[in-house]
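Worksheet: one structure, shown below.
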Amino acid sequence: MELRQLMVTAFLVSAVGIGFEAYAAPVGDKVVNSSAELGPEYKEIHIFPEFRKKLLADGWEAEKNPDCHDAVKGALYDELCSKDPGDISCRLCTITPELFRMTSDGYLLMKYKKSGVSLGVTLYGDTRDFDHPGEYGLSIVGWDYEAGMNVQLLD
């Protein structure tokens, strides 16, 4: 097993347990794909806002994490974000409330649902990309349908 796959697996194992237009499907969009499975075209999308827009347009719903702030900043969220509310990490839960896990080394886990199927999408990179899509290398590492250990890596 290659190092990247081991890192992703370790991340996902530990993960079990302002709306920006770039991240939302345009209003009035119709569901394009009713299947609760991602087609091969998803492998061609490398920028998260585009990936997320397609998910939402295909009928996937963001699974809102009520503990998102804890996933990002932990118990210090209120203290840290009251001092610098403009910091991207203080705004992540507003931009993507489906954020369930964020590690200090750059991994993020997003969760979605469709037709009773859960989808975990793993990202890796600099969160400044949420403000400037494609500029800081936030990339989609892979996804799986149980947010568990069977990640489909994008190589």
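Which residues in the range 44-73 place their backbone N less than 12 Å from a point set 7 Å from the Cα of residue 115 along the Cα-to-Cβ direction? The answer is 59-60. Only protein heavy atoms count here; under a 1.4 Å probe, residue 72 has an accessible surface of about 20 Å².
Using the Cα centre of the range 40-155 as origin and beta-carbon charges of +1 (Lys, Arg) and -1 (Asp, Glu), tell me which of 74, 107, 56 is placed farthest towards the positive end of the dipole. Toward the positive end, the furthest listed residue is 56.
Pairwise inverse Cα distances across the range 50-155, averaged and inverted, put the Kirkwood hydrodynamic radius at 14.3 Å. Rounded to the nearest 20 debye, the dipole size of the range 65-155 about its Cα centre is 280 debye, using +1 on the Cβ of Lys and Arg and -1 on the Cβ of Asp and Glu. Largest first, the residues 98, 50 sort by 1.4 Å accessible area into 50, 98.
List the lysines whose alpha-carbon lies under 28 Å from that of residue 83, not counting same-chain residues fewer than 8 positions away? In chain and number order, the partners are 64, 73.
Rounding to the nearest 20 debye, state how big the charge dipole of the range 43-87 is about its Cα centre with +1 on each Lys and Arg Cβ and -1 on each Asp and Glu Cβ.
With only Lys, Arg, Asp and Glu charged at Cβ, the dipole is about 220 debye.
Reported to the nearest whole Å, the Cα centre-to-centre distance from the range 71-134 to the range 49-67 is 13.
The values are calculated or read from the model by the stated rules, or taken from the named source; none is laboratory data. The structure presented is a predicted model; accordingly, all values stated were derived computationally and were not measured. When we count neighbours, we look across all protein chains shown, and the Cβ atoms used for this are built from the backbone with ideal geometry, even at glycine. Side chains are part of the model used for accessible areas, which takes the heavy atoms of the whole protein and leaves out ligands, DNA and RNA. Shrake-Rupley method; radii C 1.70, N 1.55, O 1.52, S 1.80 Å.
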